[in-house]
Amino acid sequence: MRTFVVAALSLTVLTSVAVGQAAQSWPREFPPRPLQPRPVTFPEFEVRKMANGLTVVLVSQNEQPAISVRMIVRAGAAQDPKGKMGLAMLTATLLDQGAGARTAQQLADEVDFIGGLLGTGAGTDLSFVNTVVMRDDYATGLALMADVVRRPTFLSEEIERQRQQALSGLKVAAEDPDSVAGLVIDRLIFGFHPYGLPGAGTAESLQSLTRDDFVEFHRRHFVPNNALVAVVGDVTHADAMAGIERYFGDWKPGEVPAFNPIAPPEPTRRVIVIDRPDAVQTEIRLGQLAIPRRHADFDALNQAVKILGGEGANRLQQVLRSQRQLTYGASADLDSYKWSGAIVADTDTQTATTAEALRLAVDEFARLQRERVGESELEAAQDYTVGHFPLTIETPDQIATQVLNQLFYELPVDDLPKYRERILGVTPDDVQRVARAFVRPDRLSVVLVGNASQFVDSLKGIGFAEYERIPIDRVDLLSADLKKP
Amino acid sequence: MAVVAAALVWGASTSAASRPPKFVYQRLQLPNGLTAVLHQDRSTPIVNVQLWYHVGSKDERPGRTGFAHLFEHLMFKGSRNVEPEQHTSIVASVGGQANAYTNEDTTVFWQTVPSQFLPLVLWMEADRMATLRIDEDTFVREREVVKEERRMRVENQPYGRLNEIIYEQAFTQHPYRHPVIGSMDDLNAATIDDVRDFYATYYVPSNVTVVLSGDFDMDQAVGLVNQYLGRVPKAGQPVPRDIPREPPQTQERRAVVEDAVPLPAVVVAHHITYDGHPDAYPLHIAAKVLSDGQSSRIYRTLVYESGLALTAFGQANLIEHPNLFYAVAIVNPGQTPAAVEKALIAELDRMKADGVTPRELQRSKNQFARDYILGRETVQQKATHLAHAEVLHADITTADGEFDIFQNITQADVQRVAKTYFRPETRVVIHVMPKGTGAQGAAEARR
């Protein structure tokens, strides 16, 4: 470990008054030295592949008498057919609303009765079904899960019920500034690439979905050669595998549809102001297209974005919160998906300081691209990432998640134990190179959701003379100008 | 190897079905009054350290709401040997995580770090407990951050004010009436003298419980706790506990409130008892039967069968002083708040009249066992359970003992507490209406 603590502390003369009970007698001293570290190794896991193509990850740990089974299917909102946004999401929601011989209520009752958990959902690139059961209920849990994954019934009345829930959910989300800002920034960054479209659907797309759509989406994508499953917890590898063989061994493989989306657009500077007149705060998002997860520069760019707005460094937080008190929180993330990715910065501030906060955030993108990062700043980001590693392998679920991620993004699982070397191998030169190659401060997409009339006049003064203003109830993600006619 | 070691340390057989292992720990009282609990778990080389200061928003004076939470922020502003804002960045520099939270009863500071940094964390915590730097400039600036936090969490979110609305209507005297984050006016009124008083009164060793959970050598850790936290001077006075009591509610309260919500919300609340009271456990079960999972009664009736509500949930908020059970439903378009209110009350009445079925009781116990087991996976979760038992129950054995209490609850227990607490005169009914529709809501509420 490098000179982390001593560098971070200074024994300067105090400029403020220490009011503590011990103010007079308390010693001035350096922090204590660390104890002897224990070696950190990536815990044991096993990856197997079944004859039907299902990939199985096994992690055995018997501290608590519970078993968790997590399945990932390689199809999510990105696979929604044209005009059918919300299909993956609603398909996933419907999986446990009737499956095999059980109705929705029977399924819920059985899961709850054994003190289990069953969750289904869809993300951008994947759908998932997760089950947690106590050790003695492993077979029961797998039987329920196999029905849910393989034999959903998609009853018309359940479709209607979930459709209505999803429509009501859209209504609530449409008034949530955080949610609106997220949808609009994705649309600006990814354009009409599937990542730019709303995975939760629109009122029109949800209305258009038929039972055939759900059956077809499930039939095409929910096949074993398109899925991964992890069994983790209080079960031996042999018992875990026997269960999976029994409940998923006769699952028939299928042909996985090709995926050829249109390319996302080149980054373009565009500022969208979503007007919400009763807002007391402005939600701010800035972003730009970046790289997919499986990219040679991922580690370097990830460290660069951590310096901009992640744990261990976070220039945005230092400037916006610690120095200027403009916000409770500011951060930036490298959101890298299967086919593409984005850098997105996120903060919020009271209406009057909207322009100032935006300017400062844009300046930090520019600084990252313009100036070489210092050794110590990069080390701080790396020390966090490397030091944090043992905290990410504490529970069997955390371990399985890391293995599943590697497999999902088609990265070598052998890289997991080499994590430390990989991160520490990133140099300031690498960060500078990727910042120049990928960071585009002059072409950022910007979304501001707030009380527009109170801040738009100040945007010109910070170099954003051009913006498009849209009332929050007229946002239309599917039109080129983002506005309902 | 790690797994075997863990099993030995836990010292528990895993043969009993779904019975979690018991905690093994050492409890110490330091000469300065500080309580320490050390729980060894060597399965991963990390350690979680939590300091529970037994002070929360219920200790605040009128006109100074939000102060306990504001003070939590100030604890990151430097002390004799730690520069402002460095606490978090030092922890991050070793890969750890640090944060804090404030609720009605406690203010909790926690960090999880690779285990070799245990001395560093104890040293930093002692430093700020004994020698916090407080100056006017820092205080005024941090207050602005807290105001942004309030805007973000409360004022700019749909339903962000729901909790405030419920507690404003349900409490008249007890400080639970006020939100933890406080009001803007009170935050503005706070002074640097308030900060100094609060620190001297509540941030003293006798008001602190520290819990260590994770990978350490027991003797070495006991030595470090004594070395660093033990040198914080003892307080000259006891911590005050003169908190106003809430007079019993003797008739139903009703309110219609307008707020920036997309769909109306209906709240049905009842005054209940406190965490640790014998009735608290059957009340937890009642709340689970009513609202945990898709097979719960409220979900089934209001969301699934009738479509009255977009979402509906209930909760027995059992904390240090008597608080509330409340059920909330968001009214679906085309449905009325009056119908939703009627359906919620009908579910509570049904529990009074018929209790719970044997299957529902067993299901709740199984769900409880699940939450108990899944809630004890990480060192942070383990430390939190031990601290909760020590600070809020004043009895650390409840960290394990509650499992059996829950498993022994009967149908009669649940029906008895339903009858005791779900009475019309202890009820609070609130309709939260979108702006401009309150009059309509008021007319319905009167019907």
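The values are calculated or read from the model by the stated rules, or taken from the named source; none is laboratory data. Since the structure is predicted, the reported quantities are computational estimates derived from the model, not experimental observations. Neighbour counts run over all protein chains shown; Cβ positions are idealised from the backbone, glycine included.
Remarks
- For A:Arg372: the one exception among (1) away from chain B (no Cβ under 12 Å); (2) of a type in the set (Lys, Arg); (3) part of a helix (DSSP H, G or I): (3)
- In the set (1) under 19 Å from B:His284 (Cα atoms); (2) in contact with a helix residue (DSSP H, G or I) (Cβ under 7 Å, 6 or more places away or on another chain); (3) more than 14 Å from every other protein chain (Cβ to nearest Cβ), the condition left unmet by B:Thr420 is number (2).
- Subset of the stretch A:83-99 [closer than 16 Å to A:Asp125 by Cα and part of a loop (DSSP other than H, G, I, E, B)]: A:Lys84, A:Met85, A:Gly86
- Number of positions in the stretch B:253-296 that are within 14 Å of another protein chain (Cβ to nearest Cβ), surrounded by fewer than 23 Cβ atoms within 10 Å (Cβ to Cβ) and closer than 20 Å to B:Arg427 by Cβ: 1
- Of the residues making up the stretch B:128-137, those that are assigned to a helix (DSSP H, G or I) and facing another protein chain (nearest Cβ under 7 Å) are B:Ala130, B:Thr131.
- So B:Arg241, is it within 25 Å of the chain's Cα centre (by Cα), more than 30 Å from A:Gln281 (Cα to Cα) and more than 9 Å from every other protein chain (Cβ to nearest Cβ): yes
- Test result for B:Lys234, of a type in the set (D, E, K, R), within 14 Å of chain A (Cβ to nearest Cβ), in contact with a helix residue (DSSP H, G or I) (Cβ under 7 Å, 6 or more places away or on another chain) and outside any loop (DSSP other than H, G, I, E, B): no
- Residue match in the stretch B:369-388 (condition: closer than 30 Å to A:Arg161 by Cα and either assigned to a helix (DSSP H, G or I) or acidic (Asp, Glu) (or both)): yes
- Filtered residues of the stretch A:86-106 (kept if surrounded by fewer than 23 Cβ atoms within 10 Å (Cβ to Cβ) and either of a type in the set (Val, Ile, Thr) or in contact with a helix residue (DSSP H, G or I) (Cβ under 9 Å, 6 or more places away or on another chain) (or both)): A:Thr93, A:Gly100, A:Ala101, A:Arg102, A:Thr103, A:Ala104, A:Gln105
- Contacts under 8 angstrom Cβ, first residue in the stretch A:36-63 being facing another protein chain (nearest Cβ under 9 Å) and surrounded by 15 or more Cβ atoms within 10 Å (Cβ to Cβ), partner of a type outside the set (A, V, I, L, M) and part of a strand (DSSP E or B), 6 or more apart: A:Val40/B:Pro114; A:Ser60/A:Gly233; A:Gln61/A:Gly233; A:Asn62/A:Gly233
- Some residue of the stretch A:100-108 being within 19 Å of the chain's Cα centre (by Cα) and within 30 Å of B:Pro20 (Cα to Cα): no
- Test: B:Phe109 is under 18 Å from B:Asp194 (Cα atoms), buried (at least 22 other Cβ atoms within 10 Å of the Cβ) and more than 10 Å from every other protein chain (Cβ to nearest Cβ): no
- The set of residues in the stretch A:290-330 being buried (at least 19 other Cβ atoms within 10 Å of the Cβ), away from chain B (no Cβ under 11 Å) and not in a helix (DSSP H, G or I) consists of A:Ala290, A:Ile291, A:Arg293.
Condition check ((1) assigned to a helix (DSSP H, G or I); (2) in the same structural domain as B:Pro62 (by TED's automatic domain parsing); (3) among the polar types (S, T, N, Q)) across all residues:
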position: B:Leu118; (1), (2), (3): yes, yes, no
position: B:Trp123; (1), (2), (3): yes, yes, no
position: B:Ala126; (1), (2), (3): yes, yes, no
position: B:Arg141; (1), (2), (3): yes, yes, no
position: B:Arg153; (1), (2), (3): yes, yes, no
position: B:Tyr167; (1), (2), (3): yes, yes, no
position: B:Gln173; (1), (2), (3): no, yes, yes
position: B:Asp185; (1), (2), (3): yes, yes, no
position: B:Asn188; (1), (2), (3): yes, yes, yes
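- Of the listed requirements (1) more than 21 Å from the chain's Cα centre (by Cα); (2) within 14 Å of chain B (Cβ to nearest Cβ); (3) among the aliphatic types (A, V, I, L, M), A:Val456 misses just one: (2).
- Taken over the stretch A:144-180, the residue count meeting the criterion of being within 8 Å of another protein chain (Cβ to nearest Cβ), over 25 Å from the mean Cα position of the chain (by Cα) and of a type in the set (S, T, N, Q) is 1.
- From A:Asp397, A:Asp415, residue being charged (D, E, K, R) and within 14 Å of chain B (Cβ to nearest Cβ): A:Asp397
- Applying the criterion of being facing chain A (nearest Cβ under 7 Å) and surrounded by fewer than 24 Cβ atoms within 10 Å (Cβ to Cβ) to the residues of the stretch B:84-93, the residue that is modelled with the lowest pLDDT is B:Glu85.
- In the set A:Ala330, A:Ala279, only one residue is under 24 Å from the mean Cα position of the chain (by Cα) and touching a residue at least 24 places away in the same chain (Cβ under 8 Å); that residue is A:Ala330.
For (1) loosely packed, with under 12 Cβ neighbours inside 10 Å; (2) within 14 Å of chain B (Cβ to nearest Cβ); (3) part of a loop (DSSP other than H, G, I, E, B), each residue gets a yes or a no:
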| site | (1), (2), (3) |
| --- | --- |
| A:Trp251 | no, no, yes |
| A:Glu255 | yes, no, yes |
| A:Asn260 | yes, no, yes |
| A:Glu266 | yes, no, yes |
| A:Val273 | no, no, no |
| A:Ala279 | no, yes, yes |
| A:Thr282 | no, yes, no |
| A:Gly287 | no, no, no |
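- Checked against the criteria, A:Ile343 counts as in contact with a strand residue (DSSP E or B) (Cβ under 6 Å, 6 or more places away or on another chain) and either hydroxyl-bearing (Ser, Thr, Tyr) or not in a helix (DSSP H, G or I) (or both).
- Applying a threshold of 8 Å to beta carbon distances and a minimum spacing of six or more residues, or different chains, the list of pairs starting in the stretch B:68-83 at a residue that is more than 12 Å from chain A (Cβ to nearest Cβ) and ending at one that is of a type in the set (Lys, Arg) reads B:Leu70/B:Arg143.
- For the stretch B:146-164, the criterion of a residue being surrounded by 20 or more Cβ atoms within 10 Å (Cβ to Cβ) and closer than 20 Å to B:Arg196 by Cβ is satisfied by at least one position.
- Residue among A:Gly199, A:Gly169, A:Gly233 that alone is crowded, with 22+ Cβ neighbours inside 10 Å and in contact with a strand residue (DSSP E or B) (Cβ under 8 Å, 6 or more places away or on another chain): A:Gly233
- Within the set A:Ala352, A:Ala381, the sole residue that is buried (at least 22 other Cβ atoms within 10 Å of the Cβ), among the hydrophobic types (A, V, I, L, M, F, W, C) and either touching a Lys or Arg at 6+ places or on another chain (Cβ under 6 Å) or more than 20 Å from A:Ala296 (Cα to Cα) (or both) turns out to be A:Ala381.
- Among the candidates B:Gly441, B:Gly355, B:Gly436, the residue that is over 23 Å from the mean Cα position of the chain (by Cα), surrounded by 16 or more Cβ atoms within 10 Å (Cβ to Cβ) and modelled with pLDDT under 90 is uniquely B:Gly441.
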